[in-house]
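A.B. asks: Provided herewith is a single structure, encoded as structure tokens, for subsequent inquiry.
The values are calculated or read from the model by the stated rules, or taken from the named source; none is laboratory data. Everything quoted here is computed from the prediction, not taken from an experiment. Methodologically, a virtual Cβ is constructed for each residue, glycine included, from the backbone with ideal geometry; neighbour enumeration extends over all protein chains shown. Note: areas computed on protein heavy atoms with side chains; ligands, DNA, RNA excluded. Shrake-Rupley method; radii C 1.70, N 1.55, O 1.52, S 1.80 Å.
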Amino acid sequence: MSGLEARLPLLPLFPPLRASLAVTREPSSTHGRETTSRGFCIVAYDLLAGLRSYFPVPHPLTAMRIDIANAFGGEPALDRTTLEELDERVAEAHYRIREGMEHDEFGYTALNLPETTDTAEIRDAVEPFSDSETVLTVGIGGSALGAATIADALESEVDAYFLDNVDPEHTARLLDSLDLSTTTMNVVSNSGTTAETLANFLVVREAMEEDGVDWTERTFVTTGPEGNLRELAEQHELPALPVPEGVPGRFAALSTVGLACAAIQGHDIDAILAGAAAERDRLADSLFDSPAYAYGAVTYALAAEGALTNAFMPYAESLETFAEWFAQLWAESLGKDGQGQTPARALGATDQHSQLQLYRAGPRDKLVTLLRPTERTDRGIPETDLAGLSYLGGSSLGTLLDAEFEATEASLAAANCPNVRVEVDRLDEHGVGELLYGMEAACVLYGELAGVETFTQPAVEWGKRAARGLLGGGDFDEADAVGEKRRLVID
Ligand code: PA5
């Protein structure tokens, strides 16, 4: 290996290049334009990318980028001075978060998962299921969405399905379509008591028995130290992974909860955690030095100005579930004490032809988050004789999607609708880890700034108790509220 080749992997650490990967301190006052220094850095990065194509060296370490230039000067209005003033509070919040991480405090400890998750333990636990053609995760909320996000973002020969609802028709259709003899059931519940999860488990178990499949050979569980699921695992000696202590479900994607399914699918779970670690390493006491915090601070500041909806719009089919995961994270963590920001799920370019009308021309109460990988496996568009389509022929679907992304961004900016661009290089394991951790850290920062209890979910627990009470699963006051329902039926 030549000296240059040997040094190339280190180049991402070179300061000008790092600057291109981090949010700029000098966002342009004009929507959609980059500053000269940022432009220089991007040129430097492109140059490096060009060099890399000639040398057989591994990809550089990548990291999530946030472009906040279009967050300013729109409606709701946010200006740079306000954000700069907020930076002092970001520093305080950062020290609070760091303290929480250092002492493994409830919730904060989730941000330590890149180093505390034991990937060898996960691989060992799922090893008996290496013959799986399908993995069926039975869980709900945070016990399903992290695994589903990873499964949908990454290609695998092992199919992944999720039973995270108790719709009988859907469940029946899904079970009828699966060969249960080659399916592994991955039952996930931190509490081990969630009605939907346990009901679905019983249904899948029965379906396995009916198909002559020994369910005890094809089931493993991920659960907390107590609860029905733990008892069941012990009674039937099922392989069982622990849910890490102090990690709420929606922050558990980077633990056993999200990674066991990924391991069965053959994904490199160490690379997912390496992507997460890259984001953890960039948490800093200024939002201008930390993309994750930049996103958390800008969304918080815009919400304070009236942007009470965050339309989250990835430009990749494989990130549609990530938008769903984000919606849970944002809503369940931040929707408290009359505060919060409603996450709306959208998909580019499809929803340009539906929801975009509202985002651009509706009430001035929102921001739009535009997310994309900058590299993807592309597919050419065939040449055509049709003169009117000559601009498409010979181009590619990826080029078209990128043009749609940039056009939407510019169209929102032109209509003074605040928007934020989030990018990763690739949707590989590392990139998915960057996104999961980056948005979790953004959410924790937002929660600190808003002064809410980010890691609790009293409203969700209320509903769970009411449902269990209704079904006779215990004596819960919440169930009484159902009988008190008011009615004004029009039929
Ligand atoms: O984020 C959360 O804590 C919730 O969404 C839970 O993950 C969800 O309610 C499922 O709970 P459990 O894992 O106890 O079954």
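A.B. asks: Here is a check on your reading of the model: is LEU427 within 18 Å of the chain's Cα centre (by Cα), part of a loop (DSSP other than H, G, I, E, B), crowded, with 17+ Cβ neighbours inside 10 Å and not aromatic (Phe, Trp, Tyr)?
C.D. replies: yes
A.B. asks: State all residues of segment 301-352 that are without any contact (Cβ under 8 Å) to a residue 24 or more places away in the chain and either open to solvent by 30 Å² or more (accessible area, probe 1.4 Å) or part of a strand (DSSP E or B) (or both); if no residue qualifies, say none.
C.D. replies: Within segment 301-352, ALA304, ALA331, GLY338, THR350 meet the criteria.
A.B. asks: Could you list, in sequence order, the residues of segment 450-467 that are within 12 Å of the ligand (Cβ to nearest atom) and either of a type in the set (Gly, Ala, Ser) or surrounded by 15 or more Cβ atoms within 10 Å (Cβ to Cβ) (or both)?
C.D. replies: Within segment 450-467, THR454, PHE455, THR456, GLN457, ALA459, VAL460, GLY463, LYS464, ARG465, ALA467 meet the criteria.
One line per residue, one yes/no per condition, for (1) open to solvent by 40 Å² or more (accessible area, probe 1.4 Å); (2) of a type outside the set (Lys, Arg):
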residue: ALA361; (1), (2): yes, yes
residue: VAL368; (1), (2): no, yes
residue: LEU371; (1), (2): no, yes
residue: ARG376; (1), (2): yes, no
residue: ARG379; (1), (2): yes, no
residue: ALA387; (1), (2): yes, yes
residue: THR399; (1), (2): yes, yes
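A.B. asks: Please verify whether segment 28-45 includes one or more residues that are of a type in the set (A, V, I, L, M), surrounded by fewer than 18 Cβ atoms within 10 Å (Cβ to Cβ) and modelled with pLDDT of 95 or more.
C.D. replies: no
A.B. asks: While we're here: Conditions: (1) part of a helix (DSSP H, G or I); (2) in contact (Cβ under 8 Å) with a residue 60 or more places away in the chain. ALA407 meets all but one. Number of the miss?
C.D. replies: Failed condition: (2).
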